[in-house]
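Only one structure is covered here, and it is reproduced in the block below.
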Amino acid sequence: MSSADLPQPLRLCLADDDPTSRLMLRVLLRKWGYEVEECCDGCEAFTSLVRDDGPRLAVLDWMMPGMDGAQISRRLREEFPCRQYYLILLTARAEAEYVLPGLRSGADDFISKPFTTAVLQARLEVGFRTLALQSTIAGYAARMQELAETRAVQLVHSDRLATLGTLSASVAHEINNPASFLSVNVQTLEEMWPAVEACVNGQAQERQLEQARALCREMPSMLREMKDGLERIRRITGELRNFSRSDTGRAEPIGPVELGVSLHRALRMCSLRLKGKVEVEVEGDESVRVLADAPRLEQVVVNLVMNAADAMEGCERRCLRIGILTLGGICRLGFQDTGPGVPPALAERIFLPFQSTKSAGQGTGLGLYISRNLVEEFGGTLMLESVEGAGACFVLTLNCAKDGEA
Amino acid sequence: MSARHLLLVDDEAGIRDSLGRHFRLAGYEVETACDGLEACEKLAKVPYRVVVSDIMMPRMDGIELLRLVRQEYPMTRTVMITGYVSLENALACVRLGADTCVFKPFRDLEELDAAVEAAFVYHEQWERKLLELRGLKEAS
């Protein structure tokens, strides 16, 4: 790593209130190939350094009118913590009582007068090398941050797909049922149609007449069933599409969601897992509107419901009570199960990634970790309030939409 | 009880209605129940010869119902229908002696019709034989 990575020619700020010292230093610095911004007091130096395109390395005299070198260092560090500066203080005294406060103020280096030109030259080289390194590291850090954000988005999506995978049986069942009565009715119509034709053609026998009459009687309810069935299938595919929708980046604009609608949509997706196995009770005002992104909220609810169902597997009583309580603009949603509860040792780690208690292939171990992140994205919280032996209670809090928000 | 009386068990109203209609139009008498428990109550009153039952149902599922029918009503034939096909369920049906297991969404009702028809034929054959035996007994 060398200073060749920095914009050339290398620029620095030289601040000294003594014109003679300034002149001497300027001559030297120019000879070494540096571009010099000269400042004759502390304020001028500070102004030069805070400019977006200002120099990032400064040689600052300790004692200056306006602001001294240490003050400049402190303010730069405090006010621009993300910027890389390399600050060298010049002072007439080399005692610790001077050096230490100088370094603590945020200066990187310290040169005491009188100094040899070789020392100054070497220190400047170190300074520019350090700046070059810092800029490389900052570049890496930005790239890492970007990668981490991309991965986080992918992770949320893949967890949702994994959840969807575990729900696929449920979904197939949800579609198969309405498809069944559509299918049965279509076949009934096929069977009966010849009788209707015979009647229209005036060639119907007594039995066909009977069949045609029966069909006329049944037709309205058959049509109704078929419409219902189609509507149910349409709704399920719509929900699936919504649920598996790929995330394009950050959260969608967070809008008010009617809690009950999302809650029941999520429960419907879990219905097969629950049916006949887990009793679900929803208590409280379901019409409350909360600030959330509906598909993500549903992802969280599906996660909590499936977890509860898994936890209660093999228990005598399997009941999941979902209690909604709204108070002071906060909606509290409790998921209380009658399972064995969460052992205290696990409770501490349960929201960390890869803490699955399920065997391989049954869970990503990311469910609760991702759920909590999702909830926090729309300003809510997800916590565990478990009393061992009394079942687990996961508590989701969400902000309520204010009146008038569309 | 009429000879061709069957009990249709499904928690899905749309299936009870459509399948019930299908069997009625085919000449069967159909009674329905919405889960295993209701089916048990109805079986206790009328020992239906044929039970057509869904598997996944609340309160009491089809496998439990099948087990109970095996124990309490050995003469009753059972035809299972399911929208959620798992090997586990299919094996349970075989083990508990269901006549067959037909998968929803019934692309073709022939399989179900044939199973129900065969179940009634089975009953009628036995009944005829029992009648003959009884006749022999009375004659002797």
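The values are calculated or read from the model by the stated rules, or taken from the named source; none is laboratory data. All values derive from a computational prediction rather than experimental measurement. Backbone-built Cβ (ideal geometry, glycine too); neighbour counts: all protein chains shown. Ligands, DNA and RNA are stripped out before the accessible areas are found, and what is left, the full protein with its side chains, is counted by its heavy atoms. Shrake-Rupley method; radii C 1.70, N 1.55, O 1.52, S 1.80 Å.
Of note:
- Prolate/oblate/rounded label for region B:61-140 (Cα gyration tensor, a/c 1.5): oblate
- Within chain B, helix-based [θ] at 222 nm, where runs of 4 or more DSSP H residues each add -39,500 (n - 2.57), nearest 500: -17000 deg cm²/dmol
- Entry note, region A:266-335: relative contact order of 41 percent, from Cα contacts under 8 Å with a spacing of 6+ residues.
- A simple count of charges around A:Val36, restricted to other residues whose Cβ falls under 9 Å of its Cβ and scoring Lys, Arg +1 and Asp, Glu -1, yields 0.
- List B:Trp126, A:Trp193, A:Trp62, ordered by accessible area with a 1.4 Å probe, largest first: A:Trp193, B:Trp126, A:Trp62
- Each Cα pair under 8 Å and six or more residues apart adds its separation to the average, and for region A:157-288 the resulting relative contact order is 37 percent.
- Cα centroid separation, region B:28-66 to region A:62-95: 87 Å.
- About the Cα centre, charge dipole magnitude for region A:1-94 (Lys/Arg +1, Asp/Glu -1 at Cβ), debye: 280 debye
- Accessible area of chain B belonging to carbon and sulfur atoms, whole % at 1.4 Å probe: 54 percent
- Translational diffusion coefficient (Stokes-Einstein; Kirkwood radius from C-alpha pairs) of chain B at 10 °C, 1.306 mPa s, in µm²/s: 103 µm²/s
- Normalised radius of gyration (Cα atoms, divided by 2.2 N^0.38 Å) for region A:120-275: 2.07.
- Among A:Leu274, A:Leu131, A:Leu167: highest mean-square fluctuation, GNM of chain A, C-alpha pairs under 10 Å: A:Leu131
- In region A:164-186, burial by the other protein chains removes 50 Å² or more of accessible area from A:Asn176, A:Asn177, A:Ser180, A:Phe181, A:Val184, compared with the chain on its own (1.4 Å probe, ligands and nucleic acids ignored).
- Over region A:2-62, all Cα pairs binned in 10 Å intervals from 0 give whole-percent P(r) values of 23, 54, 22, 1, listed from short to long.
- Calculated FRET value between A:Val186 and B:Lys129, using beta carbons and R₀ = 41 Å, to 0.05: 0.55
- Accessible surface, region A:64-175, averaged per residue in Å² (probe 1.4 Å): 53 Å²
- Computed on chain A, with alpha-carbon pairs under 8 angstrom and 6+ residues apart, the relative contact order is 11 percent.
- Comparing A:Leu297, A:Leu267, A:Leu182 in a Gaussian network model of chain A where C-alpha atoms under 10 Å apart are linked, the largest mean-square fluctuation is found at A:Leu182.
- Between B and A, accessible area buried - total, square angstrom, nearest 100, 1.4 angstrom probe: 2000 Å²
- Crossing angle, helix B:110-139 versus chain B [Cα axis fit, 0-90 degrees, rounded to tens]: 20 degrees
- Order of exposure, largest accessible area first, which applies to A:Ile330, A:Ile72 with probe 1.4 Å: A:Ile330, A:Ile72
- Gyration tensor (alpha-carbon) shape descriptor, chain A, a/c threshold 1.5: prolate
- Additional length obtainable on full extension of the chain from B:Ala26 to B:Lys137, 0.36 nm per residue less Cα span: 36.3 nm
- Here the calculated FRET efficiency for A:Arg93 and A:Leu6, from their Cβ-Cβ distance with R0 = 45 Å, stands at 0.90, rounded to the nearest 0.05.
- With a 10 Å cut-off around each Cβ of B:104-114, the average count of Cβ atoms from other chains is 4.
- At a threshold of 50 Å², the residues of region B:16-59 that become less accessible to a 1.4 Å probe in the full protein assembly than in their chain on its own are B:Ser18, B:Arg21, B:Leu25, B:Met56.
- 0 to 90° range, to nearest 10: angle between helix A:117-200 axis and chain A longest Cα axis: 10 degrees
- Solvent-accessible area, 1.4 Å probe, carbon plus sulfur percent, for region A:4-50: 58 percent
- Between helix A:367-377 and chain A there is an angle of about 70 degrees, using the helix long axis and the longest principal axis of the Cα atoms.
- Put the Cα centre of region B:72-108 next to the Cα centre of region A:278-317 and the gap is 31 Å.
- Trypsin sites (Lys or Arg not before Pro) within region A:3-86: DSSP coil, no more than 13 neighbouring Cβ in 10 Å: A:Arg51
- Computed label-point distance, nm, for sites A:Val200 and A:Glu35 using a 7 Å Cα→Cβ extension: 8.9 nm
- Compared with the alpha-carbon gap, the fully stretched path from A:Glu125 to A:Met63 is longer by 19.9 nm at 0.36 nm per residue.
- Loop sites in region A:274-344: trypsin sites (Lys or Arg not before Pro), DSSP, at most 11 other Cβ within 10 Å: A:Arg317
- Seen through its C-alpha gyration tensor, with square-root eigenvalues sorted a ≥ b ≥ c, region A:35-87 comes out oblate because a/c lies at 1.5 or above while a/b is not bigger than b/c.
- From its DSSP helices (H runs of at least four residues, each -39,500 (n - 2.57)), chain A gives a residue-normalised ellipticity at 222 nm of -18000 deg cm²/dmol.
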